[in-house]
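The values are calculated or read from the model by the stated rules, or taken from the named source; none is laboratory data. No experiment lies behind these values; they were computed from the predicted model shown. As a convention, Cβ positions derive from the backbone with ideal geometry for all residues, glycine included, and neighbour counts pool all protein chains shown. Calculation scope for accessible area: heavy atoms of the full protein, side chains included, ligands and nucleic acids excluded. Shrake-Rupley method; radii C 1.70, N 1.55, O 1.52, S 1.80 Å.
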Amino acid sequence: MDTPNALSPDKQINGSSSRSPSDASNIPKSPKITKGIGDKRSDLDFIFGKLIGEGSFSSVYLAKDIHTNQEYAVKVCEKQLIRREKKVEQITREKDVMNILNSNQNPSAPFFVKLSYAFQGDYKLYFVMTYCPNGELLKLIQRVGNFDRECTRFYTAEILRALEHLHSLNIIHRDLKPENILLDEKMHIKITDFGSAKILTQEEIDGVDDGRGRKNSFVGTAQYVSPELLENKRIGPSSDLWALGCIIYQMVSGLPPFRSRSEYLIFQKILKLEYEFPEGFCEEAKDLVQKVLVIEGDQRLGANDKNGYPSIRSHPLFVKMDFESLHLLTPPKIVPFMPNVGNEIVWDQKNKPGLKPIELELMLGLDLKDQKKKGSESETSKKTGKKNIADVADEEYILRLAVQEKENKWHKFVEGNLILKQGLMDKRKGLFPRRRMFLLTTGPHLYYVDPVNMVLKGQIPWCPAITPEAKNFKTFFVHTPNRTYYLEDPEGYALEWCRVIEEVKHFYYPETTT
Ligand code: ATP
């Protein structure tokens, strides 16, 4: 077992921080984190549970304090790996920033993962932090596709409030992105990952830093990085506002504004401010994004504000938003926004066509085979000279599969299964539709293929809980436990798709349907 000692931030990690918090004159010196917080802790004080996630040089576990029963996320880093990967400075900086936040808590901006204890053993470092059971904002956006206006407004306000506090301490995050925004048990945000953060020096705060010797090595993540960082210009708190603009865009549309095949191409787009708003983008959010995604850092909305960001707070997106009580509010229910989806569809689903009888018979035949009824029935049919349904289905299945193999160019994607229904549809990721060929097969499977590049892109996973929901003649949802898929049939057969999916579901999981 790793023998733990209390971590002394100044001594334990070789190389220490390039800039200590005391560089920023108005920031209180950071306390050693094991002092003043309570008893010293070691790994023996925790029961380690499941692995929550893995970073490039750390593993994060859910752990319980054996004295208090309190749950924490414990980040465990191998010292040797940190030295080898030259991450000492990053880890030290992360700890320094979290210490500053600990000793400068703002009750109306409790939007940061808190470092409660840090200690080390012979081989490992341990960071005991607030556990955020609802995971990353990114995963949430990906799961639901995008956010409606109310969700976007609320989460933007919380991020803004967090930035107001962070910047008041002269700290720039520099890697703000939806992966680094976690959600606590009540669905409020907790910003994390301060490894790329910068604690501004007095010269930088006063703007008398002449920039000599400045070398903005690329930190952060390509999609959210600001133009000034790419161009080696002065960076400041408004670099985080740029990232906020990218995050608002992503919450509304489902994807970040600057996207391309490579980091290089993304950087080119950022420098040229080359991005577009998809159809249906909330107008107020669009206006805010346009005012924040401005190449010159000092021209961004809020960049010249003092004491927080009053000019952003007063943007029309935030009408009636009480920024001081956000932490007390119940966050809005996560609801995606889909253009062209109203509640206008009420129609008689019973009269619409589903699978043709032969397809059902085929499936019925397969079912009989599965139940090993076929053998005995075949005996009967031999005696009577009549073919039973399983035989018919069997022959028909083989025949149709042979024809499919020969004539259907989508056959190669379906792993030898028989295609029951196929059609081109738009699969929506937030506000962005992607044209895909959908292939519903025996199995059951629902494959989707990029028809231009002829590449299998994935499958909608089948399970007894799968539920199609028609929204109108073109649009329908397929709900699965982990994700809702938004599909649009340009031909207007949404209803038929829903019915067929229901029929296949009923066939394979009869107990789930009445
Ligand atoms: P890298 O180190 O490569 O930048 P990272 O910052 O994501 O990656 P970690 O901070 O080690 O690495 O986090 C790893 C994973 O653990 C992430 O997916 C993150 O969502 C999850 N995680 C980190 N901290 C917490 C926390 N306090 N509560 C819940 N999950 C967390």
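Cα centroid separation, the stretch 457-514 to the stretch 100-155: 35 Å. Entry comment: accessible area of the stretch 212-320 is 48 Å² per residue, from protein heavy atoms only and a probe of 1.4 Å. For the stretch 104-171, the C-alpha radius of gyration divided by 2.2 N^0.38 Å, with N the number of residues, is 1.44. Protection proxy ranking for 401-410, 467-476, using the average of other Cβ atoms within 10 Å per residue and placing the highest first: 467-476, 401-410.
Counting only protein heavy atoms, what percent of the accessible surface of the stretch 137-328 is carbon or sulfur at a 1.4 Å probe?
Here it works out to 47 percent.
The value of relative contact order for the stretch 59-116, using C-alpha pairs under 8 Å at least six residues apart, is 21 percent. Other residues within the sphere of radius under 10 Å centred on the Cβ of M338, judged by their own Cβ, net out at 0 (K and R +1, D and E -1).
Convex hull volume per residue, computed on the Cα atoms of the stretch 231-286, equals 90 Å³. For the pairs K186/K457; K333/K457; K40/K75; K333/K505; K40/K95; K421/K457, note any where the Cα-Cα span goes beyond 25 Å. Flagged as over cut-off: K186/K457; K333/K457; K333/K505.
In this rough spin-label picture, where each label sits 7 Å from Cα along the Cβ direction, the K50-E71 distance is 0.9 nm.
If you take the beta carbon distance between S311 and E405 as r and set R0 to 56 Å, what does 1/(1 + (r/R0)^6) give as a FRET efficiency, to the nearest 0.05?
Calculated transfer efficiency: 0.30.
Of the trypsin sites (Lys or Arg not before Pro) found in the stretch 260-290, the ones in coil according to DSSP and having at most 16 other Cβ atoms within 10 Å of their Cβ are R261, K272. In order along the stretch 301-315, phi translates into HN-Hα couplings of 4, x, 4, 9, 6, 10, 6, x, 10, x, 6, 7, 4, 8, 5 Hz, rounded to whole numbers, per the Karplus curve 6.51 cos²θ - 1.76 cosθ + 1.60 with θ = phi - 60° and x for Gly and Pro.
Of the trypsin sites (Lys or Arg not before Pro) in the stretch 44-123, which ones lie in a loop per DSSP and count no more than 14 other C-beta atoms within 10 Å?
Within the stretch 44-123, the qualifying trypsin sites (Lys or Arg not before Pro) (loop, at most 14 other Cβ atoms within 10 Å) are K86.
The peptide list 99-110, 222-233, put in order of mean Cβ contacts within 10 Å with the highest first, becomes 222-233, 99-110.
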